[in-house]
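The block underneath contains the structure these notes are about, expressed in structure tokens.
The values are calculated or read from the model by the stated rules, or taken from the named source; none is laboratory data. Since we're looking at a predicted model, the values are computed, not measured. Cβ placement follows ideal geometry from the backbone for every residue including glycine, while neighbour counts extend to all protein chains displayed. Only protein heavy atoms, including side chains, enter the accessible area calculation; ligands, DNA and RNA are left aside. Shrake-Rupley method; radii C 1.70, N 1.55, O 1.52, S 1.80 Å.
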Amino acid sequence: MSAQELHQMGVAELATAIADKKTSSVEAAQHLLARAKEHQNLGAYLAFNEDLTQAQAKAADARVAAGERGPLLGVPLAHKDIFVTQGFPTTAGSKMLAGYQSPFDATVVSQLAAAGAVTLGKLNCDEFAMGSGNDNSAYAPVHNPWDTARVPGGSSGGSAAAVAARLVPAATGTDTGGSIRQPASFTGITGIKPTYGRCSRYGMVAFASSLDQAGPMARSAADCATLLTAMAGPDIDRDSTSLDHPAEDYTRLLSQPREGANAAQPLKGLRIGLPKEFFGEGCAPDVIATVRAALSEYEKLGASLVDISLPRTELSIPVYYIIAPAEASSNLSRFDGVKFGHRAAKFDDLADMYKKSRSEGFGPEVQRRIMIGTYVLSHGYYDAYYLKAQQIRRLIAQDFQQAFTQCDVIAGPVAPTVAWKIGEKSDDPVANYLADIYTLSTSLAGLPGMSVPAGFGAANMPVGLQLVGNYFKEGELLQTAHAFQQATDWHTRTPSGF
Ligand code: GLN
């Protein structure tokens, strides 16, 4: 098998090639490691541990030699550097955690490892997952393989760039307000954020605990289904927000025929809701045109389009940017140079040590959010900001339930524009926050959402179609995306030079 063939394969093809002994896990891992190094200037990877990768690949090959087959057995993956991993450093993209080695694996990491996946390395991200362009990493910005002068999206930008550039067939990501869906959209790959609580948060460095959720990023919905089947499931002893809902086989659900549907119209009967707030003024015309073209394809597949409204969409920005920083300010208080994190080399007294350690360890966006968070939680402002935001959060969730009486799945753009130029929004935090308009409400409601490659917009950059489902409807979302990918080839496009 040629090297070129090895990195062009998705998860399913690679697992089959390994099981059929056309290649080995060791061969695939070695090739992908070399390729990752060759493309280090993308900034996608933060750390490798070649000996460990090699040992894991050998162990997978031994299982194959013993006759085992599995959809992830021997397949190299990489993890966003927000998941703690034994044997690899975990930094969360921050100087605060430089050199940190976790004594244990995050649940999501150990579940993928149990399925036989091999860890290639750790992927760059915005510091503590705060950002929309992956230009907030304390180490290096990540470049979009479709145009290296542009951002790959954030905060899971390293995961998105690595998958898009064919450095790895799939990766993990996390989404607090859009960080799986938006980078997937900006780099032309597929990503799904499950229902809040569906994947364990144990071992995920916390940003905003009531919003953070892990999910897979891959080329296709089918590959996302394979990863999510291994990742999702209850972990109630270790994560108090994990949902006690049995694991599901998303791969099986993928091609399960819908009632009343047929081969020509596999989505017959599916009602897709289009929120008018997602197609309004704020969205760039090239994005709307690409999304509309994808929706016409859905009509050909038998789905019907219905107009709906999510009236509080606009409020999701202020609500999210109160709740997420409030939770972050509390979560990040543990990094004080004593309990966890970087400690300043020189200081006068205890208070000065905290101050210097935190000023040196945290970057500007993280410090901004800690300040906003402590402000909105402080006595006298709590009722006006935090409590009010929580009340509106409930109303946003109710709007979705109202919408789901009229449709099965909601669709729209993921972001109002294609990926912007690196540096374009770096000095303007509000411009970054506004770009999250279409992803935040789903996160606030705790609903599953995904991004599916839908075509190309301005500057020939990828555009994703967002699909949002009701609670626990990951299977239906993946099926809806898979049907589209059976009929189109947007998800197979590779950026030139990769
Ligand atoms: N862009 C959003 C933020 O900066 C979302 C980040 C995320 O989902 N982790 O908070």
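Where the centroid of each part is defined by its Cα atoms, how far is the stretch 34-54 from the stretch 300-355 in Å? For the stretch 34-54 versus the stretch 300-355, the Cα centre distance is 29 Å. Across all directions, the average projected area of the convex hull around the alpha carbons of the stretch 276-372 is 9.8 nm². The length gained on full extension between Ser378 and Gln486, counted as 0.36 nm times the residue separation minus their Cα-Cα distance, comes to 33.7 nm.
For the pair Asp249 and Ala397 in one chain, pulling the backbone fully straight at 0.36 nm per residue adds 50.6 nm over the alpha carbon distance.
Just so you know, the Cα atoms of the stretch 53-184 work out to an Rg and Dmax of 15.0, 47 Å. Each principal axis of the Cα cloud of the stretch 197-236 was taken in turn, and the coordinate range along them, longest first, works out to 28, 20, 14 Å. Taken over the stretch 406-498, the percentage of Cα pairs per 10 Å bin, counting from 0 up to the bin with the maximum distance, is 14, 40, 33, 12, 0.
Protein heavy-atom surface of the chain, 1.4 angstrom probe: 53% of the accessible area is carbon and sulfur, with nucleic acids and ligands not counted. Accessible surface computed residue by residue for the stretch 122-180, with neighbouring protein chains in place and a 1.4 Å probe, gives 12 Å² per residue.
Taking every alpha-carbon pair under 8 Å whose residues sit at least 6 apart, the stretch 411-485 reaches a relative contact order of 33 percent. Within the full protein context, the accessible area of Tyr375 is estimated at about 100 Å² for a probe radius of 1.4 Å. Applying the Kirkwood pairwise sum to the alpha-carbon positions of the stretch 357-404 produces a hydrodynamic radius of 12.8 angstrom. Across the stretch 321-399, the volume of the C-alpha convex hull divided among the residues equals 94 Å³ per residue.
When DSSP beta bridges are restricted to pairs lying wholly in the chain, around 70% turn out antiparallel.
Going by a ≥ b ≥ c, the root eigenvalues of the Cα gyration tensor, does the stretch 193-345 fall in the rounded group (a/c under 1.5), the prolate group (a/b larger than b/c) or the oblate group? Oblate shape, in that a/c is at least 1.5 and b/c is the bigger or equal ratio. As a test of the formula, what do you get for the chain when each DSSP H run with n ≥ 4 contributes -39,500 (n - 2.57) and the sum is divided by the residue count, at 222 nm and rounded to the nearest 500 deg cm²/dmol? One gets -11000 deg cm²/dmol as the mean residue ellipticity at 222 nm.
Taking every Cα-Cα distance in the stretch 35-122 and sorting them into 5 Å bins from zero, the calculated P(r) comes out as 3, 15, 23, 24, 18, 11, 5, 2, 0 percent.
Here the Debye sum runs over all C-alpha atoms of the chain as equal scatterers in vacuum, and log10 of I(q)/I(0) at q = 0.05, 0.09, 0.10 Å⁻¹ comes out as -0.17, -0.56, -0.69.
Loop sites by DSSP among the GluC sites (Glu not before Pro) of the chain, restricted to those with at most 12 other Cβ atoms within 10 angstrom, leave 1-258 as the longest stretch without any of them.
Since only Thr91, Leu6, Ala66 are under comparison, the one whose Cα sits farthest along the positive direction of the charge dipole of the stretch 1-105, derived from C-beta charges on Lys, Arg, Asp and Glu, is Thr91. When restricted to Cα atoms, the stretch 342-498 yields an Rg and a Dmax of 21.1, 66 Å, respectively.
Accessible surface ranking for Leu305, Leu295, 1.4 angstrom probe, highest first: Leu305, Leu295. Measuring between alpha carbons in the structure, the pairs from Lys22/Lys122; Lys80/Lys268; Lys37/Lys58 lying more than 29 angstrom apart are Lys80/Lys268. Extension gain for the segment Asn41 to Asp307, taken as residue separation times 0.36 nm less the Cα-Cα distance, is 91.3 nm to one decimal. The overall shape of the stretch 174-223 is prolate: from the C-alpha gyration tensor, with semi-axes ordered a ≥ b ≥ c, the ratio a/c is 1.5 or greater and a/b exceeds b/c. For the stretch 127-238, rounded, prolate or oblate, judged on the Cα gyration tensor with a ≥ b ≥ c (square roots of eigenvalues), a/c < 1.5 rounded, else prolate if a/b > b/c? Verdict is oblate for the stretch 127-238.
Mean separation of Cα pairs under 8 Å and 6 or more residues apart, divided by the residue count, gives the stretch 74-126 a relative contact order of 49 percent. Residues in the stretch 354-460 average 43 Å² of solvent-accessible surface per residue, probe 1.4 Å, ligands and nucleic acids excluded.
Paramagnetic label reach from Ala3 (point 7 Å along Cα→Cβ; backbone nitrogen cut-off under 17 Å): within the stretch 47-63, no residues. Quote the relative contact order of the chain in percent (integer), defining contacts as alpha-carbon pairs under 8 Å separated by 6+ residues. Reported relative contact order: 17 percent.
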